[in-house]
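Enquirer: Next up is a structure, given as C-alpha cells.
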Amino acid sequence: MMVQSGPPDTATYYRLAYTWVVVLYGTYAVVLWLRSRRVRAQLRAVEREEARATRAT
Amino acid sequence: MSSTKRPLFDWLFVVAVLSLIAAYVRAVFFTPIEALQGAAQKIYYVHVSAAISAYLALGIVALMSIVYLWLHDERADRLAESAGEVGLLFLTVVLTTGPLWGKPIWGAWWTWDARLTLTLFLWFLTAGYLVLRGAVDDAAMRSRYSAVLGVLAALLIPFIHLSVYLFNTLHPMPILLKPSKPSMPSDMLITFFSMWGACTLLCISLIGARYRYGVDRDALRALEGNGGDR
C-alpha cells in the first residue's frame, strides 16, 4: 500500500505565481512613472514656450 | 505646488509597497503549507486579494461614471479612467494566478467554468473601456460613452461573486466573503488579511498616481489646445 508522506510538491507553481505578481505590479508602476515623466517634460517645455511668448509680446 | 513638481508616487505608495513586502514575507516564510494542496494553496493569498482589489477599482469606475453622467465633472471621469486602468492590472493578476493554481490542483490551466469565463468577460469589458477612451476624439463624447460602459461592466461583479452559487462550477466556494464564519485556520487568515490590506493600499495608491498622471496629461492637452489621446 502506498502512503503519501506530507503535502504534494506544488512549490514551482507557487513560486512562479508570486514572482509573476511582483513582475506585473512592478512593471505597471515603472511604465506609469515613465509615462508621467514624458508628459511632465512636455508640459514644462510648453509652459516655458508660453512664458517666452508672453514676455515677447 | 505646480502639478509637475508633485511626486507621482506619494507616501501611500511607499506604505503600500512596504505592506506588500511584509505580507509576502509572512506568506512565504511564516505561513504553514496546506496538507492537501501543498505550497500552491499560498497562491490563494495573492489571487483573492487581487480579485477584491479589482472589484474595488471597477466599483470606483462605476461610481465615478455615475457621478460624471450626473454632474459632468471631468475629475470624476479622470478618476474612473484611472481606476479602470488599475482594475485591469488587478484582473490580469487574477486571470494569470488562477491557472497557476488550477494546473497542479485541477490538472488543467483553464476550464470554461462560469466564474472563470465571467471574469474573462470582465477583463475584455475593462480592456474595451480603455480602448474606447483612446478611440473617441471628442472629450465629452468619450467621457459619456465610457461612463455608460463603465457602469455596465461593473454590473458583472455581483454575478461573478454569486456564480459559484448560481451555477454548477469547479471554482472553490468563497472561504471568506460568505455569511458564515471564514473556513480557514487563524495563521492563514492573518496572512490573507495582510495581503488583502497591502493589495488595497496598492490599488488606492496606484489609482492616485494614475490620476495625477491624468491631471498632467490633461493640462498638457489644454495648453496644446486639442482633445487628444486621453
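Enquirer: Regarding the range B:206-215, can at least one residue be identified that is out of contact with any strand residue (DSSP E or B) (no Cβ under 8 Å at 6 or more places or on another chain) and outside any helix (DSSP H, G or I)?
Expert: Taking every residue of the range B:206-215 in turn, none turns out to be out of contact with any strand residue (DSSP E or B) (no Cβ under 8 Å at 6 or more places or on another chain) and outside any helix (DSSP H, G or I).
Enquirer: Continuing with this model, one more query. Filter the range B:79-136 for residues that are among the charged types (D, E, K, R) and under 22 Å from B:LEU63 (Cα atoms) and give the result.
Expert: B:GLU81, B:GLU85, B:ARG133
Enquirer: Do the conditions hold for B:TYR68, that is, is it closer than 16 Å to B:ALA198 by Cβ and of a type outside the set (A, V, I, L, M, F, W, C)?
Expert: no
Table: residues versus (1) free of Cβ contacts under 8 Å to residues at least 40 places away in the same chain; (2) surrounded by 18 or more Cβ atoms within 10 Å (Cβ to Cβ); (3) in contact with a Pro (Cβ under 6 Å, 6 or more places away or on another chain).
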residue	(1), (2), (3)
B:VAL28	yes, no, no
B:ALA76	yes, yes, no
B:ALA83	no, yes, no
B:TRP112	yes, no, no
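Enquirer: Only one of these is within 24 Å of B:PRO99 (Cα to Cα) and either without any contact (Cβ under 8 Å) to a residue 40 or more places away in the chain or within 14 Å of chain A (Cβ to nearest Cβ) (or both): B:LEU206, B:LEU202. Name it.
Expert: When all the criteria are applied, what remains is B:LEU202.
Enquirer: Does B:ALA219 satisfy being within 14 Å of another protein chain (Cβ to nearest Cβ), over 22 Å from A:TYR25 (Cβ atoms), surrounded by 15 or more Cβ atoms within 10 Å (Cβ to Cβ) and at pLDDT 85 or above?
Expert: yes
Enquirer: Now, a different point. Please give the number of the condition B:ILE66 fails out of (1) under 24 Å from B:LEU122 (Cβ atoms); (2) free of Cβ contacts under 8 Å to residues at least 40 places away in the same chain; (3) more than 11 Å from chain A (Cβ to nearest Cβ); (4) surrounded by fewer than 18 Cβ atoms within 10 Å (Cβ to Cβ).
Expert: Among (1) under 24 Å from B:LEU122 (Cβ atoms); (2) free of Cβ contacts under 8 Å to residues at least 40 places away in the same chain; (3) more than 11 Å from chain A (Cβ to nearest Cβ); (4) surrounded by fewer than 18 Cβ atoms within 10 Å (Cβ to Cβ), B:ILE66 violates only (2).
Enquirer: Determine if the range B:171-188 includes at least one residue that is assigned to a helix (DSSP H, G or I), surrounded by fewer than 14 Cβ atoms within 10 Å (Cβ to Cβ) and away from chain A (no Cβ under 14 Å).
Expert: yes
Enquirer: Next up: Identify, please: which residue in the range B:178-199 is of a type in the set (A, V, I, L, M) and in contact (Cβ under 8 Å) with a residue 24 or more places away in the chain and is, among those, farthest from B:ARG78 (Cα to Cα)?
Expert: Looking at residues that are of a type in the set (A, V, I, L, M) and in contact (Cβ under 8 Å) with a residue 24 or more places away in the chain, I get B:MET188.
Enquirer: I would also like to ask the following. Checking the structure you have, find out if any residue of the range A:34-55 is part of a helix (DSSP H, G or I), modelled with pLDDT of 90 or more and closer than 23 Å to B:ALA40 by Cα.
Expert: Checked the range A:34-55: no residue is part of a helix (DSSP H, G or I), modelled with pLDDT of 90 or more and closer than 23 Å to B:ALA40 by Cα.
Enquirer: Then there is this: Taking the options B:ILE21, B:ILE43, name whichever one is loosely packed, with under 14 Cβ neighbours inside 10 Å and of a type outside the set (Ser, Thr, Tyr).
Expert: B:ILE21
Enquirer: Report yes if some residue within the range B:138-153 is within 23 Å of B:ARG221 (Cα to Cα), surrounded by 14 or more Cβ atoms within 10 Å (Cβ to Cβ) and at pLDDT below 95; otherwise report no.
Expert: Within the range B:138-153 (the criterion being within 23 Å of B:ARG221 (Cα to Cα), surrounded by 14 or more Cβ atoms within 10 Å (Cβ to Cβ) and at pLDDT below 95), the answer is yes, since at least one residue qualifies.
Enquirer: Out of the range B:92-123, which residues are hydroxyl-bearing (Ser, Thr, Tyr) and either more than 17 Å from B:LEU56 (Cα to Cα) or more than 8 Å from chain A (Cβ to nearest Cβ) (or both)?
Expert: B:THR96, B:THR97, B:THR111, B:THR117, B:THR119
The values are calculated or read from the model by the stated rules, or taken from the named source; none is laboratory data. Owing to the predicted nature of the structure, the values given are computational and were not obtained by experimental measurement. No Cβ is skipped: glycine too gets one built from the backbone with ideal geometry, and neighbour counts run over all protein chains shown.
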